[in-house]
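The values are calculated or read from the model by the stated rules, or taken from the named source; none is laboratory data. Owing to the predicted nature of the structure, the values given are computational and were not obtained by experimental measurement. We place every Cβ from the backbone using ideal geometry, glycine too, and count neighbours over all the protein chains shown.
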Amino acid sequence: MRNFLLLIVFALCSVNAHAELSKHEQYTIDLMLSGNLIELKQAAQKIHASEIFNTEVLDVAAEVLLKNYPNVYKPQVDTFSWLAKAIGHSRNSRYSSAMQEVAENVPNKKVRRYAKVALKKVGAADDAEQYEIGMVGMEVPDYL
């Protein structure tokens, strides 16, 4: 019920806040905010396969990853690996510090490996504003 209410609130807010998003991008964000681990994985795979490089979409992916990586457990490993892979595929240095944090601190080896690869792809932090947890301005679900 909580996830359903969160989705309704997000949908109402997203009409004005994300007017520049395509329907495909908005759908991908909705999947990431659904609270469903399978849908989160689908969203990460869509970001990667469809080459979604919109920072609003990637910011949500980074937020979900940063919020949940410290307590990742076995059924979540593949999903959070896909999130790191999708963010890295963007090659956007905005996510350098986020990928470095995950690569240095995540307890799972597979997620760590994908975060390190993503860090190499996004490159070193440059003058661009770095993504930090909380910057999306919305609550993302816990996948714990």
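Of the numbered criteria (1) farther than 14 Å from LEU58 by Cα; (2) part of a helix (DSSP H, G or I), the one ASP126 fails is (2). Contact map, region 123-141: residues that are crowded, with 16+ Cβ neighbours inside 10 Å paired with residues that are among the aromatic types (Phe, Trp, Tyr) and at pLDDT below 90, Cβ distance under 8 Å, separation 6+ or inter-chain. Pairs shown: MET138/PHE10. Being farther than 26 Å from ALA128 by Cβ, at pLDDT 95 or above and aromatic (Phe, Trp, Tyr) holds for only one residue in TYR27, TYR95, and it is TYR27. Residue count for region 27-41, restricted to those that are more than 18 Å from ALA84 (Cα to Cα) and either touching a Gly at 6+ places or on another chain (Cβ under 6 Å) or surrounded by 18 or more Cβ atoms within 10 Å (Cβ to Cβ) (or both): 1. A count restricted to region 74-105 and to residues that are charged (D, E, K, R), crowded, with 18+ Cβ neighbours inside 10 Å and not in a helix (DSSP H, G or I) stands at 0.
Only a single criterion out of (1) assigned to a helix (DSSP H, G or I); (2) out of contact with any Gly (no Cβ under 8 Å at 6 or more places or on another chain); (3) free of Cβ contacts under 8 Å to residues at least 60 places away in the same chain is not satisfied by VAL117, namely (2).
Within region 36-59, can you find the residues that are in a loop (DSSP other than H, G, I, E, B) and under 21 Å from GLU132 (Cα atoms)? Can you show your working first?
Of all residues in region 36-59, those in a loop (DSSP other than H, G, I, E, B) come to 36, 50-54.
Selection gives ILE52, PHE53, ASN54.
Against the conditions (1) surrounded by fewer than 21 Cβ atoms within 10 Å (Cβ to Cβ); (2) within 13 Å of the chain's Cα centre (by Cα); (3) under 19 Å from GLU139 (Cα atoms), ASN71 satisfies every one except (2). For beta carbons closer than 8 Å, sequence separation of 6+ or different chains, a first residue in region 96-108 that is touching a residue at least 24 places away in the same chain (Cβ under 8 Å) and a second that is part of a loop (DSSP other than H, G, I, E, B) and crowded, with 18+ Cβ neighbours inside 10 Å, the qualifying pairs are SER97/TYR131; ALA98/TYR131; VAL106/VAL72; PRO107/VAL72; ASN108/VAL72. Evaluating ASN108 against the criteria (1) closer than 20 Å to GLN26 by Cβ; (2) surrounded by fewer than 20 Cβ atoms within 10 Å (Cβ to Cβ); (3) not aromatic (Phe, Trp, Tyr) leaves one unmet condition, (1). Taking region 42-68 as the range and being on the phi < 0 side of the Ramachandran plot, charged (D, E, K, R) and surrounded by fewer than 23 Cβ atoms within 10 Å (Cβ to Cβ) as the test, the residues that pass are LYS46, GLU56, ASP59, LYS67. For VAL77, the requirement of being touching a Phe, Trp or Tyr at 6+ places or on another chain (Cβ under 6 Å) and not aromatic (Phe, Trp, Tyr) is not met.
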